[in-house]
Amino acid sequence: MDGSVEQTRQTYQGWDEFYNKNVDEKLAFFEVNGRLFDVIFAQQFDRPFMDYLCKIADMIRLLAQTKMGQEKLRHLLPHKRAMLYFVQPSTRTFLSFQNACYILGLSVSESRGTSTSSEVKGESSEDTIRTFASYVDLIISRHSEAGFAEKTAWVLNQTERPVPILNGGSGPDQHPTQALLDIYTLERSFQDIGGLDGKKIAMVGDLKRGRTVRSLSYLMKNYNDTTLYFVSPDIFRMKDDIKDFLKKHNIPYYETEDFESVMPLVDAIYMTRIQKEYSDDPSGEADTYPGFHFKKKHLAIIQPHCTIMHPLPRRYEIEVEVDNDPRAAYWRQERNGMWIRAALIAYVFGVEQEVSKEFL
Ligand code: NCD
């Protein structure tokens, strides 16, 4: 027996009512003085914000090329501390946030599982998060429960010490900072051909349970004349809430199981893995769905400028022989996560203009 006690589930007056509201009605709750305070949903980002953040990320990237530039960046937030609460597995999101903090001079504490915290004594997640807020100035969380980041931000914002929460992935629900780095990568890939406006993007794989494609779809509302192609096995089709959102914003989308027919048409292919961990019976999901893999031979049929992306981790979705093609963007994409997250943290603490000052 490991001695752990069932985790306490507190009832918070008003939470259910808040949770069931339309996202548009919730946004103001996560803002202070017209600026984002908590980053919970991709719907919080509009076009001016996206353009602004991508610009800041470019500047941070440039400054970080020299020792002097790195020193300037490190002097932006040495008086701030961040907590990385990652109780669902993560490699990239954790490391990119951690290194984004280092770039800006923040000190970082971490918890990577509930087994070493008071949660084994039965403490509720909300009390655990409130405890972090006693010691740090920023909390970045990843959790297997949908709505987790939202609930903790909602709880903290009503305390005497609210600290910003950044959602680093909340179950199969949302991954807003991944969507930031995906847009940043798309915009950089298309910088010589008019940016993301007017482009066609295929999203491939487990669209039902993949949170990255959900958050990225929400962000498409900020770009003009984009078209989406949802390519997935029938059982993993994109959910209706996203399709309704796209209809509402007049963003055309097509659904198909025929990946090869879409390949020559699109400007970007966003591959994803089958999210077995959300299955009721993970052992029953042996199929890797080879019809939804991108193989070396496919390089011959995609457009010369087509960008191949993947949030990673990869399983069999992209053959390793594809990696050295200049159109394979996924390794650049993961590094972009560090720059855009540094830009986001600088923004959250209101020091992003110190970065742009360096370029006046
Ligand atoms: C993704 C995630 O965790 O949702 N990974 C990531 O953050 N880069 C995608 C995945 O796990 O398939």
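The values are calculated or read from the model by the stated rules, or taken from the named source; none is laboratory data. All of these numbers come straight from a predicted model, not from anything done at the bench. Counting neighbours? That spans all protein chains shown, and the Cβs are built from the backbone with ideal geometry, glycine included. Accessible surface areas use protein heavy atoms only, side chains included; no ligands, DNA or RNA. Shrake-Rupley method; radii C 1.70, N 1.55, O 1.52, S 1.80 Å.
Inspect segment 19-27 for any residue being open to solvent by 20 Å² or more (accessible area, probe 1.4 Å), modelled with pLDDT of 95 or more, more than 19 Å from His175 (Cα to Cα) and aromatic (Phe, Trp, Tyr) and give the result as yes or no. Taking every residue of segment 19-27 in turn, none turns out to be open to solvent by 20 Å² or more (accessible area, probe 1.4 Å), modelled with pLDDT of 95 or more, more than 19 Å from His175 (Cα to Cα) and aromatic (Phe, Trp, Tyr). For segment 176-194, the tally of residues that are part of a loop (DSSP other than H, G, I, E, B) and either free of Cβ contacts under 8 Å to residues at least 12 places away in the same chain or within 16 Å of the ligand (Cβ to nearest atom) (or both) stands at 3. Taken together, the residues in segment 308-360 that are under 14 Å from the mean Cα position of the chain (by Cα), part of a helix (DSSP H, G or I), within 16 Å of the ligand (Cβ to nearest atom) and buried (at least 19 other Cβ atoms within 10 Å of the Cβ) amount to 9. Give me a count of the residues in segment 200-217 that are open to solvent by less than 20 Å² (accessible area, probe 1.4 Å) and either without any contact (Cβ under 8 Å) to a residue 60 or more places away in the chain or not β-branched (Val, Ile, Thr) (or both). Final tally of qualifying residues: 11. Could we say that Glu123 is more than 16 Å from the ligand (Cβ to nearest atom), modelled with pLDDT of 90 or more and over 24 Å from Ala346 (Cα atoms) here? The answer is yes for Glu123.
Scanning segment 270-281 turns up one or more residues that are of a type in the set (Ser, Thr, Tyr), in a strand (DSSP E or B) and within 14 Å of the ligand (Cβ to nearest atom). One residue alone among Arg47, Arg112 is under 22 Å from the mean Cα position of the chain (by Cα), within 19 Å of Thr152 (Cα to Cα) and of a type outside the set (S, T, N, Q), and that residue is Arg112.
Would you confirm whether or not segment 262-276 contains a residue that is without any contact (Cβ under 8 Å) to a residue 40 or more places away in the chain, more than 15 Å from Arg214 (Cβ to Cβ) and open to solvent by less than 50 Å² (accessible area, probe 1.4 Å)?
no
Against the definition (assigned to a helix (DSSP H, G or I), free of Cβ contacts under 8 Å to residues at least 60 places away in the same chain and open to solvent by less than 50 Å² (accessible area, probe 1.4 Å)), how does Leu299 come out, yes or no? Criteria met by Leu299.
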